[in-house]
Every structure is written in C-alpha cells, then in structure tokens.
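*Asks:* Sharing a structure below in structure tokens format, with a few things to ask.
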Amino acid sequence: MMAMTSPGSEAAPSPTPCGKFQHTEEDRGNEREKDAPGYAGIHVDLQMVDGHLSYFLGAVGVTGLTALLGVREKGHVTKGANQTMVVSGAAGACGSLAGQIGRLDGCVRVVGICGSDEKCKALVEDLGFSAAVNYRGEDISARLQDICPDGVDVYFDNVGGAVSEAVIEQMNKGGHVILCGQISQYNKDVPYPPPLSDKTQEILQSRSITRERFMVLSYMSKAEAALFELSQLVKSAQIKVLETVVNGIENMGVAFCSMMRGGNIGKQIVKISD
Ligand SMILES: NC(=O)c1ccc[n+]([C@@H]2O[C@H](COP(=O)([O-])OP(=O)(O)OC[C@H]3O[C@@H](n4cnc5c(N)ncnc54)[C@H](OP(=O)(O)O)[C@@H]3O)[C@@H](O)[C@H]2O)c1
C-alpha cells in the first residue's frame, strides 16, 4: 500500500503496518545525538485499524493527525458556542477528516468547499457535512452567505488563494483560520504563508481573526494519544473514511497524475498487495 500526498505538504514519517514509524538515516542520527524527536517510538498495531492497513496512511496516520491536531490546536472549537466551520479542499484526504472532527468537537454547522458536484454529494451524504460548495461552478461568497447565516467562526484552510479570500470575507469577529495548507499557491514564487490581498488582511485585523500556521510535525508529542483517539473514532464509525484506491504499482503514475488534478475523494491509495 502506498499513500499519495499532495505536493507542498510537510514531509512525514511513514507508519509501518505493525510496529513503529519508520525512520530515515538522518532521523536515526538525530536520535543518537539527542532525545528522540517527537514522532519516534509511537507504537501502532493492526487492531487500531481493524486490519484495514491503508488507514495507517490516512485517517489513523499523519493525515488524521493533521486534521485532528489542526482543529484542536488552532481551531478553538467550543461545544455550545454555536460555531460554523468551513473547510476548503474538503473532499481531499485531510479536509474530509477535518470537517468531521469539527462537527464531533461541537461545530453546529460544517460546510465543505471542493471542486465537483460528485465531491459535494459525498461530503453531505456520506460524511455528514451540513452543506458543500463547488468552487468551480458556484459563487462561493453568495453561497456562504446563504448557508452560513451566522457567519463563519472557524476556517480549516487547505488551499489558500481566491477560495480563502472569499471565506475570510464571511468570517466573524474573533474567528480562527487553521492554516493547514495553501495548495493553490504551491507552484508560485511566493513566500509561505502566501500573502493575502490588502482587503483580506484588513478584515483579519479589524475582526481580530487569527491565522496561525499549523504544522503537524510540531505536535508529535501529542501524536500517540491522537492516533488512538482517531482509531477509536474510525472503529466506532464516528468518523467515516473515504479512499480512492488504484490497484497495482504499475498504475502509480496514473494515480499520482489523477491526484494532482484533484481526482481523489479522500485519501489517494495505491494498492500493491493484500
Ligand atoms: N500543515 C501540515 O502539517 C500538513 C500536513 C499534511 C498536509 N498538509 C496540507 O494539507 C492540504 C491537503 O492535503 P491532502 O493530503 O488532503 O491533499 P489531497 O488529498 O490531494 O486534497 C487536496 C484537494 O485540494 C483541492 N485543490 C487542489 N488544487 C486546488 C486549487 N488550486 N484550488 C482549490 N482547491 C484545490 C483538490 O480537490 P478539488 O479541487 O477537486 O476540490 C484536492 O483533492 C495540502 O495543502 C497539504 O499541503 C499540511
């Protein structure tokens, strides 16, 4: 099994099906020099995924950690606070989990933004999102005004660019942007995080909206507990996992190109053998 990861995402250790996260030679050298870095020594076993090994590459792996810890560390989701969350790249590996976690943590409304009607349908009908917007065919601002009548409190941002400018415009005072990724900007010659337009920057300041960079590898001391929580959430079907599986290593290039075009719903997996 191989996981495909979108370009620009942070390099991440690969979990083995049963045992510890694999380390590079560089990691091992670092460990010898000082205390092991955060992700070292995390034990996983097959029961965590009920034998569904590919989940270690997604929902019960670094992708799940990114969604869970991103929401928890930067989202300020509070039960009973009547919050609305918007997720961009919502039908991708990370976004599809982040929206479900936002709902479980207490957001009363979770809206996904993605690039096709088929993805919108999957978000609402399969994953329980409150609504979904197809950014390729719909006016994001108009739709958000319609389906988020109380504004947006938490924005899990995977894509940046025009989509994010439109979301931030709808955000409430004291809201929080979880700066997970900026996939629409990765091949551009811009710093990270990419600068926003003056108008959007002014909105952030005048409404006291936070937009803090989140990097999962900075939170590896919380990874073991978070992986067990993700495992429980998946096994109890509180979180549903979507995967797009391509069979055969000979089709890895096809899978990669498809992922680069946004062809995947959930995690892109290449299945090599059982
Ligand atoms: N902060 C961290 O520690 C961390 C860790 C891992 C990943 N990440 C980041 O998290 C984000 C999501 O990663 P992932 O693994 O979920 O990727 P993924 O499964 O490939 O999903 C990303 C989705 O974004 C959408 N997208 C691509 N280009 C876009 C554009 N120009 N405008 C709007 N949407 C676009 C695509 O779907 P549609 O266009 O069809 O909607 C695509 O399926 C990436 O930015 C990645 O770099 C961050």
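The values are calculated or read from the model by the stated rules, or taken from the named source; none is laboratory data. Keep in mind that this is a model prediction, so the values were computed, not measured. Ideal geometry is used to build each Cβ from the backbone, glycine not excepted, and the neighbour counts take in all protein chains shown.
*Asks:* Within segment 77-94, is there a residue that is assigned to a strand (DSSP E or B), without any contact (Cβ under 8 Å) to a residue 60 or more places away in the chain, farther than 19 Å from residue 258 by Cβ and not assigned by TED's automatic domain parsing to the domain that holds residue 264?
*Replies:* First, the residues of segment 77-94 that are assigned to a strand (DSSP E or B): 84-88, 92.
Filter once more, so that each one left must be without any contact (Cβ under 8 Å) to a residue 60 or more places away in the chain: none.
Looking through segment 77-94, none of the residues is assigned to a strand (DSSP E or B), without any contact (Cβ under 8 Å) to a residue 60 or more places away in the chain, farther than 19 Å from residue 258 by Cβ and not assigned by TED's automatic domain parsing to the domain that holds residue 264.
*Asks:* Return only the number of the condition from (1) at negative phi; (2) outside the structural domain of residue 124 (by TED's automatic domain parsing) that residue 192 does not satisfy.
*Replies:* Unmet for residue 192, out of (1) at negative phi; (2) outside the structural domain of residue 124 (by TED's automatic domain parsing): (2).
*Asks:* Would you confirm whether or not segment 123-136 contains a residue that is among the charged types (D, E, K, R) and touching a helix residue (DSSP H, G or I) at 6+ places or on another chain (Cβ under 7 Å)? Give the steps one after another, and end with the answer.
*Replies:* Quick first cut of segment 123-136, residues among the charged types (D, E, K, R) only: 125-126, 136.
Next, from what is left, pick out any that are touching a helix residue (DSSP H, G or I) at 6+ places or on another chain (Cβ under 7 Å): none.
Within segment 123-136 (the criterion being among the charged types (D, E, K, R) and touching a helix residue (DSSP H, G or I) at 6+ places or on another chain (Cβ under 7 Å)), the answer is no, since none of the residues qualifies.
*Asks:* Being more than 15 Å from the ligand (Cβ to nearest atom) and in contact with a strand residue (DSSP E or B) (Cβ under 7 Å, 6 or more places away or on another chain) is the filter here, so list the residues in segment 53-91 that pass it.
*Replies:* Here is the first cut: in segment 53-91, the residues more than 15 Å from the ligand (Cβ to nearest atom) are 53, 76-85.
The answer is 76, 77, 83, 84, 85.
*Asks:* Check every one of the helices (runs of 4 or more DSSP H) wholly within segment 181-274 and list those with 3 or more residues that are at pLDDT 95 or above and among the hydrophobic types (A, V, I, L, M, F, W, C). Walk me through how you get there before you give the answer.
*Replies:* On the way: elements: 198-206, 223-235, 252-260.
Helices (runs of 4 or more DSSP H) meeting the threshold: 223-235, 252-260.
*Asks:* Got a sec? Which of 216, 246 is crowded, with 18+ Cβ neighbours inside 10 Å and more than 20 Å from the chain's Cα centre (by Cα)?
*Replies:* Numbers: 216 fails: more than 20 Å from the chain's Cα centre (by Cα).
Of 216, 246, the one residue that is crowded, with 18+ Cβ neighbours inside 10 Å and more than 20 Å from the chain's Cα centre (by Cα) is 246.
*Asks:* Sticking with this structure for a sec: Check whether at least one residue in segment 193-203 is more than 10 Å from the ligand (Cβ to nearest atom), within 18 Å of residue 66 (Cβ to Cβ) and in contact with a helix residue (DSSP H, G or I) (Cβ under 6 Å, 6 or more places away or on another chain), and report yes or no.
*Replies:* no
*Asks:* Let me ask something else about it. Return yes when residue 150 is over 25 Å from residue 258 (Cα atoms), assigned to a loop (DSSP other than H, G, I, E, B) and away from the ligand (no atom under 13 Å from the Cβ) and no when it is not.
*Replies:* On the way: over 25 Å from residue 258 (Cα atoms): yes; assigned to a loop (DSSP other than H, G, I, E, B): yes; away from the ligand (no atom under 13 Å from the Cβ): yes.
In short, yes.
*Asks:* Take residue 135 and decide whether it is modelled with pLDDT under 95 and near the ligand (Cβ under 8 Å from one of its atoms).
*Replies:* Details: modelled with pLDDT under 95: no; near the ligand (Cβ under 8 Å from one of its atoms): yes.
Here the answer is no, as residue 135 does not meet what is asked.
*Asks:* Output the number of residues of segment 117-134 satisfying the condition of being touching a strand residue (DSSP E or B) at 6+ places or on another chain (Cβ under 6 Å) and surrounded by fewer than 21 Cβ atoms within 10 Å (Cβ to Cβ). Give the steps one after another, and end with the answer.
*Replies:* The first filter runs over segment 117-134 and keeps only residues touching a strand residue (DSSP E or B) at 6+ places or on another chain (Cβ under 6 Å), leaving 117, 120, 123-124, 129-133.
Still in the list and also surrounded by fewer than 21 Cβ atoms within 10 Å (Cβ to Cβ): 117, 124, 130-131.
Total satisfying the criteria: 4.
*Asks:* Can you spot a residue in segment 109-122 that is assigned to a loop (DSSP other than H, G, I, E, B) and modelled with pLDDT of 95 or more?
*Replies:* Here is the first cut: in segment 109-122, the ones assigned to a loop (DSSP other than H, G, I, E, B) are 115-116.
Still in the list and also modelled with pLDDT of 95 or more: 115-116.
Checking segment 109-122: at least one residue is assigned to a loop (DSSP other than H, G, I, E, B) and modelled with pLDDT of 95 or more.
*Asks:* Of all residues in segment 148-162, which are surrounded by 15 or more Cβ atoms within 10 Å (Cβ to Cβ) and not aromatic (Phe, Trp, Tyr)? Reasoning before the result, please.
*Replies:* So the first thing to find is which residues in segment 148-162 are surrounded by 15 or more Cβ atoms within 10 Å (Cβ to Cβ), and the list is 148, 151-161.
148, 151, 152, 153, 154, 157, 158, 159, 160, 161 - these are the residues of segment 148-162 that are surrounded by 15 or more Cβ atoms within 10 Å (Cβ to Cβ) and not aromatic (Phe, Trp, Tyr).
*Asks:* Can you give me the number of residues within segment 229-274 that are of a type in the set (Gly, Ala, Ser) and at negative phi?
*Replies:* Applying the first criterion (of a type in the set (Gly, Ala, Ser)) to segment 229-274 yields 231, 236-237, 248, 253, 255, 258, 262-263, 266, 273.
Filter once more, so that each one left must be at negative phi: 231, 236, 253, 255, 258, 263, 273.
Qualifying residue count for the region: 7.
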